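Below is one structure, written out as structure tokens; the observations come after it.
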Amino acid sequence: MIRLIRSYKFLRLRKTSVQYFSARTNMDLKDIKSDTKSSQLKNSSSFMMNIFRGKMLSAEVFPYPDVLVADEKELILSLVDPFEKFFTEINSASRNDENSSIDGTVLNKLWELGAFGIQVPEKYGGLGLGNTQYGRLCEILGANDLSVGITLGAHQSIGFKGILLFGTQQQKEKYLSKLTTEKVYAAFALTEPSSGSDAGSIRTRAVKSDDGNYFILNGSKIWISNGGVADVMTVFAQTEQVDLATGEKKDRVTAFIVERSFGGVTNGPPEKKMGIKASNTTEVYFDNVKVPIDNVLGGEGNGFKVAMTILNNGRFGMGATLAGTMKFCIQKAVEHANNRVQFGKKIKEYGCIQEKISQMNILQYATESMAYTISQNMDKGSKEYHLEAAISKIFASESAWYVCDEAIQILGGMGYMKEAELERVLRDLRIFRIFEGTNDILRLFVALTGIQYAASNLKFLQRAFKNPANNFGIVSTEISRRVSTSIGLGTIDFNPHIAPELQNYGKKAANCIELFGKSVERLLVRYGKNIINEQYILKRLSNAAIDIYSMVVTLSRASRAIKLNLPTAQHELNMTKVLCIQASNRCMDNLRNTSAESELEMIDVMEEIAREVCNKGGVNTTHVITN
Amino acid sequence: MSRVLVGVKRVVDYAVKVRVKPDKTGVVTEGVKHSMNPFDEIAVEEAIKLKEKKIASEIIAVSVGPTQSQEVIRTALAMGADRGVHVEVSGKDYDLLQPIHVSKILAKLALDEKADLIIVGKQAIDDDSNQTAQMTAAVLDWPQGTFCNKVEKTDAGLNITREIDGGLETIKTKIPAVLSADLRLNTPRYATLPNIMKAKKKPLKKVTPKDLGVDTTPRIEVVSVEEPPVRQAGALVPDVDALVGKLKEGGHI
Ligand SMILES: Cc1cc2nc3c(=O)[nH]c(=O)nc-3n(C[C@H](O)[C@H](O)[C@H](O)COP(=O)(O)OP(=O)(O)OC[C@H]3O[C@@H](n4cnc5c(N)ncnc54)[C@H](O)[C@@H]3O)c2cc1C
């Protein structure tokens with residue numbers, strides 16, 4: 001009871017905190033406010049959201065989703081070969097990298113192939129594929145050429161996705177078939193010199209004309225993929241909005257569809273980059289661009305939501321893409337390990353190499369399992385996949401880095417040579433940890449969004465406790481839930497959902513979820529609204545969440561493999577077992593470390609170290625060779 | 001000319017390393033990638049070219065085989081054929097199906113469909129028979145142009161350049177005729193993704209050999225299928241004398 005009273009204090013202060021971190025973590029304020037009001041009614045169906053309340057909601061993860069009907073499966077399978085053929089016979093990733101561009105004939109073939117409008121409805125000339133089918137093609141992109149992948153992704157995953165998601169009928173008619181069949185490129189222009197992660201702080205401004213027929217757009221954007229080639233862009237700018245209730249004027253972001261042909265749109269030279277060199281990245285400038293009012297996308301003042309929805313909607317594609325990239329790296333590594341002889345034996349016989357190969361495959365399996373869990377939930381119509389999508393982007397980009405790096409290690413000196421192609425892949429895939437939300441920001445987003453959801457539940461309970469007589473049912477269930485979890489009886493049971501062979505591993509995941517819920521509650525009680533400033537702790541919590549998701553999706557997929565008696569079932573089972581051991585250990589550690597005194601002390605010291613170094617402007621030690 | 005019939009066969013993909021089944025009754029096909037016989041792709045491409053030049057008005061792709069054969073018909077449709085006919089033959093009948101059966105089927109379909117030209121690949125890369133075009137021409141009593149390197153329409157019929165051992169040979173034929181496509185006839189186009197989607201909507205008719213009055217009862221029996229002999233490991237010899245010695249030893253010189 002004491003615990004709950006303390007948390008109520010926190011809850012009263014919560015509204016301000018919500019507003020604060022929502023701006024930081026790219027959430028939509030309006031949604032959050034209405035969420036708060038209806039929190040006692042609204043329950044998320046998201047698996048990840050619910051673990052913040054220590055609950056398991058199985059619908060989105062068990063059984064492993066299987067949304068494609070026979071026809072849809074057959075369709076995507078019939079597209080795989082011709083898509084792959086393009087990469088083996090026409091495109092060359094090394095040549096693109098060498099030239100820092102994709103040559104015109106190759107691009108033309110890509111347009112003919114239909115690769116620029118994969119999810120555009122057929123009536124506009126697109127392929128009309130769903131997310132899961134799109135994911136399958138992304139895998140091929142990832143395995144073959146990430147520069148081409150980003151060129152296509154910047155075009156359709158973010159460039160014109162807004163038109164698909166928010167466009168009016170008229171906007172769709174006007175733009176979609178051009179962008180799909182007429183070789184007109186699209187781009188997504190959000191980032192500015194002073195505004196990266198903090199996307200709400202953009203300075204590009206659009207001012208409505210006196211007659212209200214158009215906006216005048218001024219400002220500049222940086223690092224825009226396809227910035228030099230796009231004729232149609234989704235551009236975000238501040239606009240002055242009047243609050244209808246108070247009459248108060250406020251800046252709010254609005255999204256616009258901007259055509260280069262409006263005049264006043266120019267771009268800088270292609271940036272010289274570490275990787276994805278053949279993807280065009282430039283600055284884009286808007287100088288008194290006259291944008292017709294009809295080109296407002298998603299409503300005036302809703303631009304922030306438009307931007308976040310677009311990014312959120314495309315993230316699963318990165319997971320699928322990188323699952324393909326990892327497959328490529330694994331294949332290269334295994335080819336080498338199977339043939340290279342040192343000390344009289346194939347190197348595949350050595351434990352050090354075997355451990356790498358297993359680990360690489362486990363990460364690939366988990367990445368792929370996440371991507372297709374999310375894409376299939378999206379195809380089923382789920383709207384609440386933002387935590388899962390963010391987690392899959394983080395997990396995929398970090399796993400891919402690890403896998404490529406280990407592949408290079410297995411190849412030894414050969415791995416360092418251009419000829420082996422892994423050095424290019426390593427450079428190319430590095431960007432995935434940075435763009436479309438840095439992994440650091442996404443970690444904060446995952447932790448804070450989940451915590452907020454948990455907190456809204458506490459508030460509801462607090463009300464119930466005020467009048468326990470009227471809410472007897474709720475109160476007693478909650479009390480028994482808390483009692484049972486706190487004495488460790490365990491209310492979460494994976495057994496009905498997973499293969500018998502995996503039950504011990506399901507138990508590990510269940511324990512993690514229970515401790516997770518309790519940890520969140522403890523953090524809320526301890527820090528209240530100030531939890532948003534505890535990034536060290538939020539990061540640990542987020543890492544624990546990522547481990548939990550990886551366990552759950554692999555448990556689910558391996559159980560499916562067993563149920564369907566797939567030829568690879570045993571292998572998938574093995575990978576899941578190892579992953580669950582690794583992830584649950586790490587997860588438990590991370591959860592304990594959100595409150596362990598020793599960890600908190602260490603965090604204080606690390607804070608001090610970083611402060612000293614930043615004050616000094618570099619390494620702050622006295623060299624051993626000093627007079 | 002109005003109608004072209006093309007034969008398309010589903011075969012184990014050219015890039016697959018073929019393995020013999022443990023019981024030596026054939027090669028492993030289960031779980032193995034299949035695609036359209038490459039010479040048939042050339043045949044389809046030639047038909048599409050004729051259509052693009054307005055010489056042909058309709059292209060019918062025919063495949064004889066199990067249900068999965070429809071995949072290669074779809075590929076032909078995605079490349080540009082107008083409709084498909086799947087002649088279903090499966091199980092043992094298909095395992096032992098011979099060019100004689102296929103040619104009778106093609107001949108009957110050509111008459112039923114009122115085709116003016118039949119184009120097939122010169123051979124399939126699985127059984128390498130190189131007989132279907134010839135036999136079909138015989139069944140129909142139509143002229144044949146095999147191993148085509150170039151096909152040109154003339155007022156009287158076709159001018160065909162053929163690949164022969166010594167070089168190229170040019171012949172004239174009337175139509176209707178049966179042609180077989182050789183490697184250098186053309187470079188087949190890729191099926192683009194939108195065309196693959198459109199191909200799903202093109203008509204595909206399924207018939208059985210019985211419907212066509214063709215008997216596909218096996219006429220042969222496979223006794224045994226063997227892997228090619230494994231090449232013996234070589235040995236390095238230090239000099240010419242040693243080499244000559246070894247050759248003599250082996251009775252080669
Ligand atoms: C090749 C390439 C292509 C791109 N394509 C596009 C595009 O097509 N369209 C587009 O709009 N943008 C694009 N971008 C921009 C990209 O999305 C941004 O670089 C990214 O969002 C990060 O912003 P930033 O670079 O300003 O880093 P910053 O936001 O300045 O971040 C710097 C570091 O600080 C961390 N950080 C920032 N804020 C916090 C916080 N509150 N708490 C803790 N840590 C924090 C970040 O995680 C990061 O590690 C592209 C960038 C590149 C390099």
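The values are calculated or read from the model by the stated rules, or taken from the named source; none is laboratory data. Computed from a predicted model, the values in this text were never measured in an experiment. In this analysis, Cβ positions are derived from the backbone assuming ideal geometry, glycine residues included, and neighbour counts consider all displayed protein chains. The area values use the complete protein model at the heavy-atom level, side chains included, leaving out ligands, DNA and RNA. Shrake-Rupley method; radii C 1.70, N 1.55, O 1.52, S 1.80 Å.
What nm distance separates the two modelled labels at residue B:200 and residue B:171, each placed 7 Å from Cα along Cα→Cβ? Roughly 4.3 nm, to one decimal. Under the criterion of Cα pairs below 8 Å and six or more residues apart, the relative contact order for chain A equals 17 percent.
Counted over chain B, the DSSP beta bridges are approximately 40% antiparallel. Simple rule: put +1 on each Lys or Arg Cβ and -1 on each Asp or Glu Cβ in the stretch B:125-247, find the dipole, and look at B:159, B:137, B:191; the Cα lying farthest toward the positive end is B:191.
For the pair residue A:45 and residue A:213, the difference between a 0.36 nm per residue extended length and the Cα-Cα distance amounts to 56.3 nm. Along the Cα-to-Cβ line of residue B:90, 7 Å from the Cα, sits a label point; which residues in the stretch B:1-42 have backbone N less than 15 Å from it? Only B:30-31 fall inside the zone, counting backbone N under 15 Å. Using the Cβ-Cβ distance between residue A:384 and residue B:217 with R0 = 41 Å, the FRET efficiency computed as 1/(1 + (r/R0)^6) comes to roughly 0.10.
Taken over the stretch A:313-431, the ratio of Cα radius of gyration to 2.2 N^0.38 Å equals 1.18.
For residue A:416 and residue A:331, calculate 0.36 nm times their separation in residues minus their Cα-Cα distance, and state this gained length in nm to one decimal.
29.0 nm
Taking the alpha carbon gyration tensor of the stretch A:70-181, multiplying each eigenvalue by 5 and rooting it gives semi-axes of 24, 18, 12 Å, largest first. For the stretch A:481-627, the percent of C-alpha pairs falling in each 10 Å distance bin, counted from 0 to the bin holding the largest distance, reads 11, 30, 26, 17, 11, 5, 1, 0.
Could you work out the percent of alpha carbon pairs in the stretch B:59-134 separated by over 21 Å, rounded to a whole number?
For the stretch B:59-134, the fraction of Cα-Cα distances above 21 Å is 23 percent.
When only alpha carbons of the stretch B:183-253 are considered, Rg and Dmax amount to 27.8, 71 Å.
Grouping the Cα pair distances of chain B into 10 Å bins from zero gives a pair-distance distribution of 7, 29, 31, 17, 8, 6, 3, 0 percent in increasing distance order. Taken along its three principal axes, the alpha carbon spread of the stretch B:1-103 comes to 51, 27, 19 Å, from the longest extent down to the shortest. Residue A:158 contributes an accessible area of around 20 Å² to the protein surface, as traced by a 1.4 Å probe with all chains present. Computed on the Cα atoms alone, the convex hull of the protein assembly as shown gives a volume of 261 cubic angstrom per residue. Note on chain A: with charges restricted to the Cβ of Lys and Arg (+1) and Asp and Glu (-1), its dipole about the Cα centre is near 1980 debye. Assuming R0 = 22 Å, what is the FRET efficiency of residue A:89 and residue A:183, from their Cβ-Cβ distance, to the nearest 0.05? Given R0 = 22 Å and the Cβ-Cβ separation, E is 0.55.
Applying 0.36 nm per residue to the separation of residue A:603 and residue A:589 and subtracting their alpha-carbon distance, the gain on full extension is 3.6 nm. Here r is the Cβ-Cβ distance between residue A:98 and residue B:153 and R0 is 45 Å; the resulting FRET efficiency, rounded to 0.05, is 0.50. For the stretch B:46-195, dividing the convex hull volume of the Cα atoms by the residue count gives 116 Å³ per residue.
Mind jotting down a quarter of the surface of the convex hull over the alpha carbons of the stretch A:275-316, in square nanometres, one decimal?
Over all viewing directions, the stretch A:275-316 projects a mean Cα-hull area of 5.0 nm².
Taking only alpha carbon atoms, the stretch A:186-305 gives an Rg to Rh ratio of 1.00, where Rh is the Kirkwood radius.
Once the convex hull of all Cα atoms in the stretch A:187-256 is built, its volume per residue stands at 97 Å³. Given the protein chains as shown and a 1.4 Å probe, how many square angstrom of residue B:211 are accessible, to the nearest 10? Residue B:211 exposes around 100 Å² with every protein chain in place. When A and B come together, around 1300 square angstrom of accessible surface is lost from both chains combined, probe 1.4 Å. Once both labels are positioned 7 Å from their Cα atoms along Cα-to-Cβ, the gap between residue A:574 and residue B:15 label points is 2.7 nm. When a/c is below 1.5 the answer is rounded, else prolate if a/b is larger than b/c, else oblate, so apply that to the stretch B:122-184 with a ≥ b ≥ c taken from the square roots of the Cα gyration tensor eigenvalues. The shape class here is oblate. Computed from label points 7 Å out along Cα-Cβ, the spacing between residue B:231 and residue B:53 is 4.2 nm. What lysines could a cross-link reach from residue A:518, if we take a straight Cα to Cα line under 22 Å and drop same-chain neighbours fewer than 8 places away? Once the sequence-local lysines are set aside, what remains near residue A:518 is A:9, A:42, A:55, A:459, A:507, A:508, A:529, A:539. Of the trypsin sites (Lys or Arg not before Pro) found in the stretch B:1-54, those that fall in a DSSP loop while having at most 15 other beta-carbon atoms within 10 Å are B:17, B:19, B:24, B:33, B:53, B:54.
Accessible surface for residue A:49 stands near 20 Å², nearest 10, in the context of the full protein assembly shown (1.4 Å probe). By DSSP, the beta bridges lying fully in the protein assembly as shown are antiparallel in about 60 percent of cases.
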